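Everything below concerns the one structure shown next.
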Amino acid sequence: MAVADFSPFHLFTFSLLLGWLLDLLIGDPSWLPHPVVGFGKVIAFGERHLNKGSHRKLKGALLAVSLIAATYGLTLILLECLSFCRNDVMTLLREILCALVVFYCLAGTTLIREVREVFLALDRSLDEGRKQVARIVGRDTSELSAQEVRTAALETLAENLSDGVIAPLFWFMLLGAPGMLAYKMVNTLDSMIGYRTDRYRDFGCWAARIDDIANYIPARLTALLMIVPKLITINLRGGNRFFTFHFSLFTFVYRNGRKHASPNSGYPEAALAGILDCRFGGPHYYFGELFDKPYIGENERPLTTADMRTAIRVNRTAEVLMMLIVTATLLLR
């Protein structure tokens, strides 16, 4: 049977698995060009030329919408052009391109690697820990304590499980590779201009709002996937109940996830805080401005390397569960 004779959804599944395995094995090598770097340069160029004078909100909206639409449209056109040629070479080229999109859009391995490096650096010195965590957070890290460095790393691990893994897979499931890459543009826009500072408050408000909408379902799905293995205990010793359901963790996430200033970030952070029985959040400096973020959780206990290992297992488990959901959805279409 020729490659072109397989159903599109079976081919999408092949591309998804190949891209995911590439991320699992090598992450994002520093020597490899990354499309997000290109996204960042285009956004920076637009911000530099448009974020001045009057009508900044309108100009920011036009920049955000046009870049997202262009990313989706150009990717779709390229893939459709390859699909138009019904031969094995073009079909295989299309699926390899889709796999590369998946590979570039997933950040699970790189995220875990960076968080692990924060804890290793902190074991050497506080200064090294601060420098290492500055690579993955937007806040000012120069005055953070060792506990705050660990907290920042684990908060980022939870939040970016949604942004860097679950949400891209969710949009791949709905809109294929073009939707996944367009989501990456949404996320990059928000990370660069979606701040409530004097410089970006007007210009980046549309980017932030679009990111909120794009992550609304994925963020809550991420929290659910994180806590699912902890919600049910199987009783193998007999008795009246084979399954025991632990709803306290679910209610903890529901109650604390809404405390975050972001409508989405709080849910995966609350899930990890509930699993680790610790406290996240609190006031932080961003771009020289103090943001008084509410606390998520109540147990202000010291965080350890063992907590980092537990958090990494939680991330990987949620990632695998999401992969099973997306793969099953594509195969059943």
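Overview of results
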read-out	value
Given 13 as the ceiling on other Cβ atoms within 10 Å, longest exposed-site-free region of the chain for GluC sites (Glu not before Pro) in DSSP loops	144-297
Segment LYS230-LEU331, extension gain: residue separation times 0.36 nm, minus the distance between their alpha carbons	33.6 nm
Additional length obtainable on full extension of the chain from HIS34 to GLU128, 0.36 nm per residue less Cα span	31.2 nm
Computed lengthening from GLN147 to HIS49, 0.36 nm per intervening residue step minus Cα-Cα distance	31.2 nm
Qualifying lysines (Cα of each under 17 Å from Cα of LYS293; at least 8 residues distant if same chain)	LYS259
Those residues of the range 97-111 whose amide nitrogen sits under 19 Å from the label point placed on VAL42, 7 Å along Cα→Cβ	97-106
Å² of accessible area per residue within the chain, as computed with a 1.4 Å probe and no ligands counted	50
The chain, accessible surface, carbon-and-sulfur percent (1.4 angstrom probe)	64
Alpha-carbon Debye profile of the chain, log10 I(q)/I(0) at 0.07, 0.14, 0.16 Å⁻¹	-0.31, -1.18, -1.43
Protection-proxy order for peptides 160-172, 22-34, 185-197, each taking the mean of Cβ atoms within 10 Å per residue, highest first	160-172, 185-197, 22-34
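The values are calculated or read from the model by the stated rules, or taken from the named source; none is laboratory data. It should be emphasised that the depicted structure is a prediction, and the values quoted were computed from it without experimental measurement. Every residue, glycine as well, gets a Cβ built from its backbone with ideal geometry; the counts of neighbours run over all protein chains shown. With ligands, DNA and RNA removed, areas are computed over all heavy atoms of the protein, side chains included. Shrake-Rupley method; radii C 1.70, N 1.55, O 1.52, S 1.80 Å.
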